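Some notes on the structure that comes next.
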Amino acid sequence: MTTDPGSGDADIRFLVPVSDSPTLDATVEYAAREAREVAAETDDRVAFVLLVPSPRDGPPGDPEREREALLAEAEATAADILKMTDPEGTVDLERATLELERYPVDSVEYADAIVEFVAGERHTVVVDPDHRTAGGSPIGHTFESVLREADSIDLEVAPVERLARQRRFATRGGLAQFLTLAGLSFGFYMLVGGFSQPVFDVVTGTATALVVAGALSRITFERAPAPVGMVRATARWLAYVPYLLWQILTANVRIAYVVLHPDLPIDPSVQRFEAGVWGGTATATLANSITLTPGTLTLDVRNREFVVHSLTEDARADLLDGGLERAVRFVFYGREAMRYPSPRERLAAGDADDDRTGEAA
C-alpha cells in the first residue's frame, strides 16, 4: 500500500474511491463540499483522500497512465471546489494507491483493502453510484456491502444522478476508431476483389467500408487507436505470424511422429494456469494460438485463467515454458514485457507460497 499523504494530523477523513465513471466529477464535487461543511462545523482538520487500486500483477503501461489521468482529473475537480469553499485550507487534499494482488481488479478485494487502509479509525467513504471495477464480485458480496459491514466506515453513496455514457461520434477517439476500421475494411475488400474492375471495386469497397465502420467501430477496439502505436503493433504482428506458423509446423511434425509410432506414446493431461496477458484481444489471441498448435487445445478461459488440454508431455512442456505467451506479450505490450515469468515459473512460485503458508499454519 502506498500513499501520498498530506499533513498526517487530520481528525476526520473522507475517502473517495476513484474509477472511470460518468458521475466521477459530480461525486468528487459532492464529497468535497461535504468535507468542507464538516470542517466548518467542527473546527477539525479534515483530510479528503482520493483512492485508486493498483494491482501488482497487472499489464504494463496503459493502466498506470489511465490511473494517473483519473487521479489528476479528480484532484483538479476537488481542488476547484475546495478553493471556492475552503479559503482557510482546513481540508487537506491527499491521494492513496492501494496495492491489490489480482488483475482485473476484484471489487471485494478492493473493498477489503479500503477497510485495511482505514485501520480501525473513523472514516467516511463516499462511493460513486456508478463506481466501476474491472473484475466481478462473489455472489452475495458487492463493493458497497463489504464497506457497509465495516464498523469503522460510514458509507455514503453520493446522491448524484446516474448517467449513461453518451459519446458523440465526432470525438477524437470515435473518429480514430471509425477511420481505422474503414481503412482496414477497404484494404481487405480491395485485396480479395482482385482489382478486376478498379472503378467498381473502389466504389463498392468504399461503401462497404463505411457501413462496416459505422456498425462495428465502437466494439472493434478496446481503446482509441493511435497511429504510431498501430504501426508498431503491425510490425510486431508481422514478426509474430511467421513464429506462430513455425510453431504449428514443428508441432505437426511431433504429433505425426506420435500418431505413426507403434506404441502411440501419448500422455493426455489437462493443465490449468493463469496467463500473463490482459484484455480480451490479447487473451483471445493466446487462446486461439494454443488451439492452432497441434497437441494443445484451449478448453476454457475465465478472465486470465486458462484450462488447456495437452496430448503429449512435449506439448505440455512447451505450453508451460511460455513461448507462445511471450510472443503474444511482445505483440501487445512490447519487447520489455517478454521478461515476465513463464507459466512454469509462476506455478512454481505459487506452490512455494502455499508451502510457506502451510508451514506458518
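The values are calculated or read from the model by the stated rules, or taken from the named source; none is laboratory data. Every value quoted in this text rests on a predicted model; they were computed, and no experiment measured them. Neighbour counts run over all protein chains shown; Cβ positions are idealised from the backbone, glycine included.
Taking the criterion of being under 18 Å from Ser107 (Cβ atoms), modelled with pLDDT of 75 or more and of a type outside the set (Ser, Thr, Tyr), would at least one residue in segment 169-177 satisfy it?
Among the residues of segment 169-177, not one is under 18 Å from Ser107 (Cβ atoms), modelled with pLDDT of 75 or more and of a type outside the set (Ser, Thr, Tyr), which makes the answer no.
Suppose the filter is touching a strand residue (DSSP E or B) at 6+ places or on another chain (Cβ under 7 Å), farther than 21 Å from Phe186 by Cα and at pLDDT 90 or above; does Leu297 pass it?
So Leu297 passes the test.
Name the residue, out of Thr291, Thr283, that is part of a helix (DSSP H, G or I) and modelled with pLDDT under 90.
So the residue among Thr291, Thr283 that is part of a helix (DSSP H, G or I) and modelled with pLDDT under 90 is Thr283.
Please go through segment 20-53 and give me each residue that is of a type in the set (Ser, Thr, Tyr), modelled with pLDDT of 85 or more and within 30 Å of Phe332 (Cα to Cα), ordered by number.
The answer is none; no residue qualifies.
Just give me the residues in segment 283-314 being in contact with a Pro (Cβ under 8 Å, 6 or more places away or on another chain) and surrounded by 20 or more Cβ atoms within 10 Å (Cβ to Cβ), in sequence order.
Ser310, Leu311, Thr312 - these are the residues of segment 283-314 that are in contact with a Pro (Cβ under 8 Å, 6 or more places away or on another chain) and surrounded by 20 or more Cβ atoms within 10 Å (Cβ to Cβ).
Run Asp263 past the list (1) farther than 19 Å from Arg346 by Cα; (2) of a type in the set (D, E, K, R); (3) surrounded by 13 or more Cβ atoms within 10 Å (Cβ to Cβ) and report the number of the one that doesn't hold.
Here Asp263 meets the rest and fails (3).
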